[in-house]
Amino acid sequence: METLAAINRWLAKQHVVTWCVHQEEEMWCANAFYYYDPQHVAFYVLSEDKTRHAQMTGKQAKVAGTVNGQPKTVALIRGLQFKGEIRRLEGEESDAQRKHYNRRFPVALALSAPVWEIRLDELKFTDNTLGFGKKLHWLRPE
C-alpha cells in the first residue's frame, strides 16, 4: 500500500492527464484537467460527447495514458503510466464527481460537458528522485 500512497501524494500535486483510446484501426489521445480520487484510484475529467476521443470511447472503453511533470533536469523526472477503463458517468454518480471536480477547478462551473471516470487498473510510476530509473508498480486487486 505504501507504493499506492506515494503515487497518490504525487498525483494530488498534478492536474493534467493524457489518455488514449483505440477503436478498430484508429487510436486517439486527449488531455484534460483531472480530479483524482485516491479511494477509487480513478481520474475524473470533463469532455464533450462530440470530441473524437469521446466518440471512439462510446459509453466505455479500455484506456492507457500518462501524467507527468515538466522538470528541467533528468534527476527530477517523475511520471505515471497507466492502463484502465474509461466510462461516461450518468445521474447521481456524475453529479457527485462533478462537485469534486468543480471544487478543484471552479472555472468548470461554467461547463456542461459530461463527467468521465478513468478507473486505473495498473500503474507504473517512475521517480528519479528516488534514484535514476526507479519504478513503483501497482495493480488493482481482483
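Some values worked out for this structure:
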| read-out | value |
| --- | --- |
| Backbone HN-Hα couplings from phi across region 127-136 [Karplus 6.51/-1.76/1.60, Hz, Gly and Pro as x] | 9, 5, 6, 9, x, 4, x, 5, 10, 10 |
| Relative packing of 36-44, 17-25, 69-77, which averages over residues the other C-beta atoms within 10 Å, highest first | 36-44, 17-25, 69-77 |
| Residue (of N102, G65, L89) at the positive-pole extreme of region 58-142, dipole from beta-carbon charges | G65 |
| HN-Hα J in Hz across region 137-142 - Karplus 6.51, -1.76, 1.60, θ = phi - 60°, x for Gly and Pro | 10, 9, 10, 5, x, 5 |
| Tail fraction, Cα-Cα pairs, region 87-140, threshold 15 Å, whole percent | 62 percent |
| Rounded to 10°, Cα long-axis angle of helix 2-13 versus longest principal axis of the chain | 60 degrees |
| Positive-end extreme of charge dipole, the chain - chosen from N128, I7, L46 (charges on Cβ) | N128 |
| Descending principal axes extents, the chain, alpha-carbon based, whole Å | 43, 38, 35 |
| Cβ-based net charge around G79, under 13 Å, with every Lys or Arg adding one and every Asp or Glu removing one | +4 |
| Given charges at beta-carbon only (K, R positive; D, E negative), |dipole| of the chain in Debye | 600 debye |
| Helix-derived mean residue ellipticity, 222 nm - over the chain, DSSP H n ≥ 4, -39500 (n - 2.57), to 500 | -7000 deg cm²/dmol |
| Estimated distance in nm for a label pair at D49 and T66, the labels positioned 7 Å out from Cα along Cα-to-Cβ | 3.2 nm |
| Ratio of the Cα radius of gyration of region 35-115 to 2.2 N^0.38 Å, where N counts its residues | 1.24 |
| Accessible-area composition of the chain, carbon plus sulfur, in percent [1.4 Å probe] | 54 percent |
| Amide H partners (placed H, <5 Å) of G69, local residues excluded | R78 |
| Accessible area per residue in Å² at 1.4 Å probe, computed on region 63-113 | 64 Å² |
| Additional length obtainable on full extension of the chain from E92 to E26, 0.36 nm per residue less Cα span | 20.5 nm |
| Region 42-54 - phi-based ³J(HN,Hα) in whole Hz, Karplus 6.51/-1.76/1.60, Gly and Pro as x | 8, 9, 10, 10, 10, 7, 5, 4, 7, 5, 4, 5, 5 |
| Dipole moment magnitude, nearest 20 debye, region 64-138 about Cα centre, only Lys, Arg, Asp, Glu C-beta charged | 420 debye |
| All lysines inside 25 Å of K50 as judged from Cα atoms, apart from same-chain residues fewer than 8 positions distant | K59, K62, K83, K99 |
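The values are calculated or read from the model by the stated rules, or taken from the named source; none is laboratory data. Bear in mind that the values here come from a model prediction, so they are computed numbers and not experimental data. Don't worry about glycine lacking a Cβ; one is built from the backbone with ideal geometry, like all the others, and counts go over all protein chains shown. The protein model used for the area step is the full one, side chains on, heavy atoms only, and it has no ligands, DNA or RNA in it. Shrake-Rupley method; radii C 1.70, N 1.55, O 1.52, S 1.80 Å.
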